[in-house]
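Let me begin by presenting the structure, written as structure tokens, before commenting on it.
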Amino acid sequence: MIKVLFVCMGNICRSPTAEGVFRKLLQERRLEGRVEVDSAGTHGYHVGESPDPRTQRAAASRGYDLSSIRARKVTPPDLEYFDLVLAMDRNNLDVLRRMCPPELASRLGLFMEYAQNFDDEEVPDPFYGLGHGFDLVIDMVEDAAHGLLDELERRLPPKPVAATRAKKSTSTA
């Protein structure tokens, strides 16, 4: 199992969007039992709150349901538990680096490093902007999520399909 944590500042816009998009992709590729996903914020401003209503509307318009996600603050144990801790921007990556023991630093990175079509290094925070910023976030997150999932599929060991078939055929004989 590979465990991925998406991180932004308050965990109500960008990182829950990444979590929701990635969960749906995992379901579509039938990998939900092989990759675990969560999101958190570097600040505790919104702990326990649902994603921003504008985020939820933009996500719902593309078929993503974020309604069950609740904001939480990233903790030091998260940096040990998750295999990949992906920040939405450099400021949040810097916060994570300050929290992270040196031996775990290789787990940290920028989510947009996995983007295939966008050259941006950061997902912009749409919180104080206009409504179209939330749609741009989804565009960027979808792009990076596809790239990340392609990478994780290469890392995952193959499913033992042949062994499963062999067991079924011998048990029915």
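Kindly evaluate D78 against the criterion of being out of contact with any His (no Cβ under 9 Å at 6 or more places or on another chain), surrounded by 14 or more Cβ atoms within 10 Å (Cβ to Cβ) and at pLDDT below 95. Write out each step before concluding.
Details: out of contact with any His (no Cβ under 9 Å at 6 or more places or on another chain): yes; surrounded by 14 or more Cβ atoms within 10 Å (Cβ to Cβ): yes; at pLDDT below 95: no.
Spelling it out, it is not the case that D78 is out of contact with any His (no Cβ under 9 Å at 6 or more places or on another chain), surrounded by 14 or more Cβ atoms within 10 Å (Cβ to Cβ) and at pLDDT below 95.
For region 19-55, the candidate set comprises residues that are β-branched (V, I, T) and out of contact with any strand residue (DSSP E or B) (no Cβ under 9 Å at 6 or more places or on another chain); within that set, the residue that is surrounded by the most Cβ atoms within 10 Å (Cβ to Cβ) is V21.
Scanning region 144-155 turns up at least one residue that is surrounded by 14 or more Cβ atoms within 10 Å (Cβ to Cβ), touching a strand residue (DSSP E or B) at 6+ places or on another chain (Cβ under 6 Å) and either over 19 Å from H46 (Cβ atoms) or among the aliphatic types (A, V, I, L, M) (or both).
Scanning region 111-128 for residues that are surrounded by 15 or more Cβ atoms within 10 Å (Cβ to Cβ), of a type in the set (D, E, K, R) and assigned to a helix (DSSP H, G or I) yields a count of 0. Determine if region 90-100 includes at least one residue that is more than 14 Å from the chain's Cα centre (by Cα) and acidic (D, E). Scanning region 90-100, I find at least one residue that is more than 14 Å from the chain's Cα centre (by Cα) and acidic (D, E), so the answer is yes. The condition of being in a loop (DSSP other than H, G, I, E, B) and under 29 Å from K159 (Cβ atoms) holds for only one of G63, G20, G48, G10, that being G63.
The C-beta contact set for region 48-71 (first residue under 20 Å from L136 (Cβ atoms), second residue β-branched (V, I, T) and part of a loop (DSSP other than H, G, I, E, B), distance under 7 angstrom, 6+ apart or interchain) comprises P51/I12; P51/I69; D52/I12; T55/I12. Contact map, region 16-32: first residue in contact (Cβ under 8 Å) with a residue 40 or more places away in the chain, second residue surrounded by fewer than 24 Cβ atoms within 10 Å (Cβ to Cβ) and aromatic (F, W, Y), Cβ cut-off under 7 Å, separation 6 or more or different chains; pairs are G20/Y64; V21/Y64; K24/Y64.
This table checks each residue for (1) modelled with pLDDT under 95; (2) of a type in the set (D, E, K, R); (3) part of a loop (DSSP other than H, G, I, E, B); (4) in contact with a strand residue (DSSP E or B) (Cβ under 8 Å, 6 or more places away or on another chain).
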site	(1), (2), (3), (4)
N92	no, no, no, yes
A105	no, no, no, no
G109	no, no, no, yes
M140	no, no, no, no
K167	yes, yes, no, no
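Within the span defined as region 27-42, every residue fails to be in a helix (DSSP H, G or I) and more than 19 Å from L152 (Cβ to Cβ).
All of (1) touching an Asp or Glu at 6+ places or on another chain (Cβ under 9 Å); (2) surrounded by fewer than 16 Cβ atoms within 10 Å (Cβ to Cβ); (3) of a type in the set (A, V, I, L, M, F, W, C) hold for A60 with one exception: (1).
The values are calculated or read from the model by the stated rules, or taken from the named source; none is laboratory data. Note that this is a predicted model, so its numbers are computed, not measured. Every residue, glycine as well, gets a Cβ built from its backbone with ideal geometry; the counts of neighbours run over all protein chains shown.
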